[in-house]
Amino acid sequence: MSAANPNIEPEIYKPKEISPRKKHYKEMAGRFFKNKLAVIGGFFTLLLILTALFAPVIAPQDPTAQDYSKYLQGPSSSNWFGTDDLGRDILSRIIYGAQVSLQAGLISVGIALAVGIPVGLFSGYYRGVLDEFVVMRITDAILAFPPLVLALALAAVLGAGLENAMIAIGIVFIPNFIRLMRAEVLSQREREYVEAAKASGISDFRVIFVHILPNCLGPILVQATLAIASAIISEASLSYLGLGTQPPTPSWGSMLSTGQGYLADAPWIALFPGIMIFITVLSINLFGDGLRDALDPKTK
């Protein structure tokens, strides 16, 4: 039996190092999951998304099918949330209404992001007369109007319908993202890494989109999440007033409008859509607040 070579050093176990990026994401996840309300809000938000995606499978009945033999029936085993003035199943209409609400929220905010991010980026980076006297003054003029009043005016000009309502809501949200993006760019453009990038000869386009933009996305993501909740309320308000989703497409706002005339005889027509709007907006806001705390490096 050969003796062990004394010149060979025994291997020492070295723990695997975690990259700074993975460590950062792990800390963010830890901060988020410590916020129980944010987790609950995120769970209900995910549940709402799944409900909207699988509405044809989940809904027990056709949301537009009319059955006058079930006129204004209360909650029962066959119709859990009751029926409306045309005998339609309210539960099925609420499930399909989730599709309309999420579509309105996501597309409206998407329109605002598509315009607000590039305008805020270039305005904050180059500044000058165009920034101070054109972009910001137009932004201030739009922000001077109450958001819902402006959305109503734009929807009335564009015409009733879900598509026009989403465009109107998106236009209303554009100034918020312009101002937020501009403020973030003004904060980032004076940092050392931007000065170093400029000194190395990198083009302005690359500095803006490769170096500055990724460092501004945290607050934008949080604002977008909260804006989705506001967009859902705005769509419901426009549909309630007849300027949003048009019948027979189910919408929580139009269901509230219908139920207003039957509060004494059939309160369930307005009750359940109102509860859904409340839960949805509250859940998204709680999720957005938790996301903001998780992305904030100062949060312990």
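Readers should treat all values here as calculations from the given coordinates under stated rules, not as data from a laboratory. Computed from a predicted structure; not experimentally measured. So basically every Cβ, Gly included, is an ideal-geometry build from the backbone, and we count neighbours across all protein chains shown.
Annotations for the structure displayed:
- Label-to-label distance, nm, for residues given as Q246 and N215 (7 Å Cα→Cβ offset): 5.0
- What the Cβ-Cβ distance of I138 and A160 gives, at R0 = 30 Å and to the nearest 0.05, is a FRET efficiency of 0.65.
- For the peptides 67-74, 151-158, 79-86, the ranking by packing is 79-86, 151-158, 67-74, with the highest mean count of neighbouring Cβ atoms within 10 Å listed first.
- A full extension of the chain between E27 and R206 corresponds to an added length of 61.5 nm, given 0.36 nm per residue minus the alpha carbon distance.
- In order along region 238-244, phi translates into HN-Hα couplings of 5, 5, 4, 8, x, 9, x Hz, rounded to whole numbers, per the Karplus curve 6.51 cos²θ - 1.76 cosθ + 1.60 with θ = phi - 60° and x for Gly and Pro.
- Among [x] 25.8, 97; [y] 20.2, 60; [z] 20.2, 65, the entry that matches Rg and Dmax of the Cα atoms in Å as calculated here: [x]
- Using the rule -39500 (n - 2.57) for each DSSP H run of four or more residues, divided by the residues of the chain, the 222 nm mean residue ellipticity is -22000 deg cm²/dmol.
- Relative to its Kirkwood radius, the Cα radius of gyration of region 155-232 gives an Rg/Rh of 1.16.
- Placing a pseudo-label 7 Å from each Cα along the Cα-to-Cβ vector at L295 and E190 gives an inter-label distance of 2.2 nm.
- The calculated FRET efficiency for the pair S78 and L50, based on their C-beta separation and a Förster distance of 22 Å, comes to about 0.35.
- For Q61, distant residues with modelled amide H under 5 Å away: S92
- In units of the compact-protein estimate 2.2 N^0.38 Å, region 103-189 shows a Cα radius of gyration of 1.13.
- The angle between the Cα long axis of helix 268-295 and the main principal axis of the chain comes to about 10°, on a 0 to 90 degree scale.
- Eigen-decomposition of the gyration tensor built on the alpha-carbon atoms of region 203-243 gives equivalent ellipsoid semi-axes of 35, 11, 4 angstrom, largest listed first.
- Stokes-Einstein D in µm²/s, Kirkwood radius over Cα pairs - region 109-253 at 10 °C with 1.306 mPa s viscosity: 97
- Between L148 and Q66, the FRET efficiency estimated from the beta carbon spacing at R0 = 45 angstrom works out to 0.90.
- With all projection directions averaged, the alpha carbon convex hull of region 29-106 covers 6.7 nm².
- Taking the Cα centre of region 193-296 as reference, the dipole from Cβ charges on Lys and Arg (+1) and Asp and Glu (-1) amounts to some 200 debye.
- Percent breakdown of C-alpha pair distances by 10 Å bin, ordered from the shortest bin, for region 208-300: 16, 33, 24, 16, 9, 2, 0
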